[in-house]
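Reading through the structure tokens given below for one structure.
The values are calculated or read from the model by the stated rules, or taken from the named source; none is laboratory data. Treat the numbers as computed from the prediction; the structure is a model and nothing was measured. All Cβ positions, glycine included, derive from the backbone under ideal geometry; neighbour counts span all protein chains shown. With ligands, DNA and RNA removed, areas are computed over all heavy atoms of the protein, side chains included. Shrake-Rupley method; radii C 1.70, N 1.55, O 1.52, S 1.80 Å.
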Amino acid sequence: METLRLNGNINELHVSILIDGGSTHNFLHHRVVTALGLIPKEIAPPKVTVGNRDEIRCQQLYTAVKIQI
């Protein structure tokens, strides 16, 4: 499946948005989190397999993040 790259905004911050139709989750780069001053909720870290089959662990959850495409 092809990945789309779009431009968008989160609040007033310009971001690049990658859309992968095969993905089951949404992710934010740590620089976006820092720039927006988002407050995380700690979660039990699920394992997520990314496109190159590497596994990463996500340890924080951000809710109510509005993205404008």
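Residue separation of Val48 and Leu6 scaled by 0.36 nm, minus their Cα-Cα distance, works out to 12.8 nm of gained length.
Just Asn26, Asn52, Asn11 to compare: in a GNM of the chain, with alpha carbon springs under 10 Å, which one fluctuates most? With Cα springs under 10 Å in the chain, the top fluctuation among Asn26, Asn52, Asn11 is at Asn52.
Per residue, the accessible area of the chain comes to 87 Å², computed with a 1.4 Å probe over protein heavy atoms only.
Divide by every residue of the chain the summed helix terms, -39500 (n - 2.57) for each DSSP H run of at least 4, and state the resulting mean residue ellipticity at 222 nm, rounded to the nearest 500 deg cm²/dmol.
Taken over the chain, the calculation gives -2500 deg cm²/dmol.
Among Thr34, Thr24, Thr49, the largest mean-square fluctuation in a Gaussian network model of the chain, built with springs joining Cα atoms closer than 10 Å, belongs to Thr24. Across region 6-69, the relative contact order, built from alpha-carbon pairs under 8 Å that are at least six residues apart, equals 36 percent. Rounded to the nearest 20, the size of the Cβ-charge dipole of the chain about its Cα centre is 100 debye, with Lys and Arg at +1 and Asp and Glu at -1.
For region 1-61, which trypsin sites (Lys or Arg not before Pro) pass both filters: DSSP loop (anything but H, G, I, E, B) and at most 13 other C-beta atoms within 10 Å? Sites meeting the loop and neighbour criteria: Arg53. Placing unit charges on the Cβ atoms of the charged side chains and taking the dipole of the chain about its Cα centre, the candidate lying farthest along the positive direction among Leu18, Gly8, Ala35 is Ala35. Here the Kirkwood formula puts the hydrodynamic radius of the chain at 13.4 Å, using every distinct Cα pair.
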